[in-house]
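J.: Have a look at the structure that comes next, please.
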Number of protein chains: 2
Amino acid sequence: MVIEKGDKLILLTNDDGLYATGLKTLLETMEEFGKVVLISTLESRSGMSQALTVKTPIRVKLLDEDEKHRIYTCNGTPTDSVKLAVNQLLDRHPDFLVAGINHGANTSVSVLYSGTMAATLEGCLYGIPSVGFSLNSFAPDSDFSVCHDFIKLIMNRLMDEPLPPGICLNVNIPAVGRDEIKGIKVCRQSRGNWKEEFEKRKDPMGKTYYWLAGYFNNQEPESDDTDNWALDNNYVSVVPVTVDMTAHWFLDELKERLDR
Amino acid sequence: MVIEKGDKLILLTNDDGLYATGLKTLLETMEEFGKVVLISTLESRSGMSQALTVKTPIRVKLLDEDEKHRIYTCNGTPTDSVKLAVNQLLDRHPDFLVAGINHGANTSVSVLYSGTMAATLEGCLYGIPSVGFSLNSFAPDSDFSVCHDFIKLIMNRLMDEPLPPGICLNVNIPAVGRDEIKGIKVCRQSRGNWKEEFEKRKDPMGKTYYWLAGYFNNQEPESDDTDNWALDNNYVSVVPVTVDMTAHWFLDELKERLDR
């Protein structure tokens, strides 16, 4: 792959593993915009959040290359992959980072756990315009093609005008027919949490172990300005996500409380 | 350990491993406030962010119990540990979650990578008043005793008045003598990023591998309202951290851009 002057260079990654349909779909869509460097683990690394690999070495392998893309596998987390690509593998600073298309939604506080959004935030921290895309379906035969038009629209807007520093986008797409999607809705992350129901089991030696399981609890199902509402009502949700986790509105009150 | 009516129940964890001095120091300090349930991995799990263990079972072991505390080890991430404790191990909903004292600061965007702050955010998502404490030193012989008075002060304030929903505290303590610390400063997370300098090495088989290394780049060293400024100037920094990563101020402009 030769990156010509004028070519857009796009860094692509996700956390569902190299052979995930969502990643393949996003690769094909991105090739309409420029040259793509894809980096992914072979197996899925979902729920890795912005974890770093600090105790073990990271290994990378160039797996495939043609005129439009270069594909690497890496044994690290999604965040490691972005760091390694930006610092060691890319010919130059990329014009965009895209992560996805994730198999399953990343709404509300899932942004805190998601490897997809962690990779997106990592791109954002490097000053790269970054977007994470997710499809609201865990079904093995999910149809990712419905995402195509919306990804193109959002990428085109990003090309027109960059995002402010420290902000990236979290895009969730309903898993319904193209005609059923009502449009794009800019929204905030909904207030919610996961209700855990660990499964407590015995291994063949009789020892106890736990499996993490649970379901999402939307604390404000009636609010129509949230990402969960948008998805539930067949809109594509777009949340601007910031790397600044300070609760700015609470700063003055906290000062007062600690001064007392 | 019997939890009497009127006892405060404190959940304690961190990511430096069970035998870390910071964890021991925080356990002792917390025993001044109530009954403590400690859960930690045996080995350190630094930089795990809010990662979840979804592919492998989680195992827990009750290691020690006396009148004041109960100590569990767990093979999961800091976030798993909090989830498991809240859902499976605790007698009732805890009154506080504290994480730390971390060996090394968690300022600026380190909040995104830190296992200490991930555990704190996890507590916050369960509606538990939650604080992460870190000491600004990586030295193996760091003196954590300097933290004692400040932890007590902050815990006392928390007991007086709870935090708003969705907000927890990120407390960083300078690693200097007690007399040199000028006080507590409420601040925002500074704008910064990590500059990575991967070390590229060859293993004994001649194959390339990478080690993650890097240094923090403060993008606004002159701003005196940030956590990094506070630490650099011998103040204890207290940042209110929110689980809401929406860039609220950018919502309207993003709507306008996508409507065009």
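The values are calculated or read from the model by the stated rules, or taken from the named source; none is laboratory data. All values reported here derive from a predicted model rather than from experimental measurement. Cβ: placed from backbone, ideal geometry, glycine included. Neighbour counts: every protein chain shown.
Residue-wise test of (1) surrounded by 14 or more Cβ atoms within 10 Å (Cβ to Cβ); (2) touching a residue at least 60 places away in the same chain (Cβ under 8 Å); (3) touching a helix residue (DSSP H, G or I) at 6+ places or on another chain (Cβ under 6 Å).
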| site | (1), (2), (3) |
| --- | --- |
| B:ARG92 | no, yes, no |
| B:ASN106 | yes, yes, yes |
| B:CYS124 | yes, yes, no |
| B:ALA139 | no, no, no |
| B:SER142 | yes, yes, no |
| B:ASP160 | no, no, no |
| B:ILE173 | yes, yes, yes |
| B:LYS185 | yes, no, yes |
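J.: Now, a different point. Being touching a Cys at 6+ places or on another chain (Cβ under 8 Å) and modelled with pLDDT of 95 or more is the requirement here; does B:THR25 meet it?
T.: The answer is yes for B:THR25.
J.: Here is a further query. Looking at B:PHE138 and the list (1) under 11 Å from the mean Cα position of the chain (by Cα); (2) modelled with pLDDT under 95, which single condition is not satisfied?
T.: The failed condition is (1).
J.: Would you call B:THR13 away from chain A (no Cβ under 14 Å) and closer than 30 Å to A:ASP16 by Cβ?
T.: In short, yes.
J.: On to the next question. Consider region A:69-90. How many of its residues are under 16 Å from A:LEU26 (Cβ atoms) and touching a residue at least 60 places away in the same chain (Cβ under 8 Å)?
T.: Adding up the residues that qualify gives 6.
J.: Any idea how many residues of region B:144-156 are under 29 Å from A:ASN193 (Cα atoms) and either crowded, with 18+ Cβ neighbours inside 10 Å or touching a residue at least 12 places away in the same chain (Cβ under 8 Å) (or both)?
T.: Total meeting the criteria: 3.
J.: Tell me, please, whether a residue that is of a type outside the set (A, V, I, L, M, F, W, C), in contact (Cβ under 8 Å) with a residue 24 or more places away in the chain, surrounded by fewer than 22 Cβ atoms within 10 Å (Cβ to Cβ) and in a strand (DSSP E or B) can be found in region B:15-22.
T.: Among the residues of region B:15-22, not one is of a type outside the set (A, V, I, L, M, F, W, C), in contact (Cβ under 8 Å) with a residue 24 or more places away in the chain, surrounded by fewer than 22 Cβ atoms within 10 Å (Cβ to Cβ) and in a strand (DSSP E or B), which makes the answer no.
J.: For A:SER44, are the conditions met, namely being without any contact (Cβ under 8 Å) to a residue 60 or more places away in the chain, small (Gly, Ala, Ser) and more than 13 Å from every other protein chain (Cβ to nearest Cβ)?
T.: no
J.: For A:LYS35, work out the one condition from (1) buried (at least 20 other Cβ atoms within 10 Å of the Cβ); (2) under 17 Å from the mean Cα position of the chain (by Cα); (3) more than 26 Å from B:SER49 (Cβ to Cβ) it doesn't fulfil.
T.: (2)
J.: Just one of the numbered conditions (1) without any contact (Cβ under 8 Å) to a residue 12 or more places away in the chain; (2) closer than 25 Å to B:GLY166 by Cα; (3) among the small types (Gly, Ala, Ser) is not true of B:SER237; which one?
T.: Single failed check for B:SER237: (1).
J.: Here's something else I'd like to know. Residues that are away from chain B (no Cβ under 11 Å) and among the hydroxyl-bearing types (Ser, Thr, Tyr): find the strands (runs of 3 or more DSSP E) completely inside region A:164-260 holding 1 or more of those.
T.: So the answer is A:214-218, A:235-242.
J.: Within region A:3-14, how many residues are farther than 26 Å from B:LEU52 by Cβ and not in a loop (DSSP other than H, G, I, E, B)?
T.: Qualifying residue count, region A:3-14: 2.
J.: Next question. Checking the conditions here, which among B:SER49, B:SER108, B:SER40 is among the hydroxyl-bearing types (Ser, Thr, Tyr) and over 24 Å from B:ALA213 (Cβ atoms)?
T.: Of the residues listed, the single one that is among the hydroxyl-bearing types (Ser, Thr, Tyr) and over 24 Å from B:ALA213 (Cβ atoms) is B:SER40.
Here is a yes/no grid of residues against (1) farther than 30 Å from B:PRO57 by Cβ; (2) at pLDDT 95 or above; (3) within 16 Å of the chain's Cα centre (by Cα):
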site	(1), (2), (3)
A:VAL131	yes, yes, yes
A:PRO164	yes, yes, no
A:VAL176	yes, yes, no
A:GLU197	no, no, no
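J.: If you don't mind, there's one more thing I want to ask. Taking region A:108-122 as the search range and keeping residues that are under 18 Å from A:ALA85 (Cβ atoms) and of a type in the set (S, T, N, Q), which one is surrounded by the fewest Cβ atoms within 10 Å (Cβ to Cβ)?
T.: Among them, the one singled out is A:THR116.
J.: Same structure again: Would you mind stating whether B:ARG191 is surrounded by fewer than 21 Cβ atoms within 10 Å (Cβ to Cβ), basic (Lys, Arg) and free of Cβ contacts under 8 Å to residues at least 60 places away in the same chain? Step through it out loud before you land on a result.
T.: On the way: surrounded by fewer than 21 Cβ atoms within 10 Å (Cβ to Cβ): yes; basic (Lys, Arg): yes; free of Cβ contacts under 8 Å to residues at least 60 places away in the same chain: no.
No.
J.: Could you run through region A:33-48 and say how many residues are more than 29 Å from B:SER114 (Cβ to Cβ) and either outside any loop (DSSP other than H, G, I, E, B) or in contact with a His (Cβ under 6 Å, 6 or more places away or on another chain) (or both)?
T.: Result for region A:33-48: 2.
J.: Being over 27 Å from A:LYS255 (Cβ atoms), modelled with pLDDT of 95 or more and in contact with a strand residue (DSSP E or B) (Cβ under 7 Å, 6 or more places away or on another chain) narrows it down to one residue among B:LEU231, B:LEU254; which is it?
T.: On the way: B:LEU231 fails: over 27 Å from A:LYS255 (Cβ atoms).
Just one listed residue meets the conditions, B:LEU254.
J.: Among the residues of region A:210-224, is any closer than 27 Å to A:PRO164 by Cα, in contact (Cβ under 8 Å) with a residue 40 or more places away in the chain and among the hydroxyl-bearing types (Ser, Thr, Tyr)?
T.: Narrowing region A:210-224 to residues closer than 27 Å to A:PRO164 by Cα: A:223-224.
Subset that is in contact (Cβ under 8 Å) with a residue 40 or more places away in the chain: none.
So far as region A:210-224 goes, no, none of its residues is closer than 27 Å to A:PRO164 by Cα, in contact (Cβ under 8 Å) with a residue 40 or more places away in the chain and among the hydroxyl-bearing types (Ser, Thr, Tyr).
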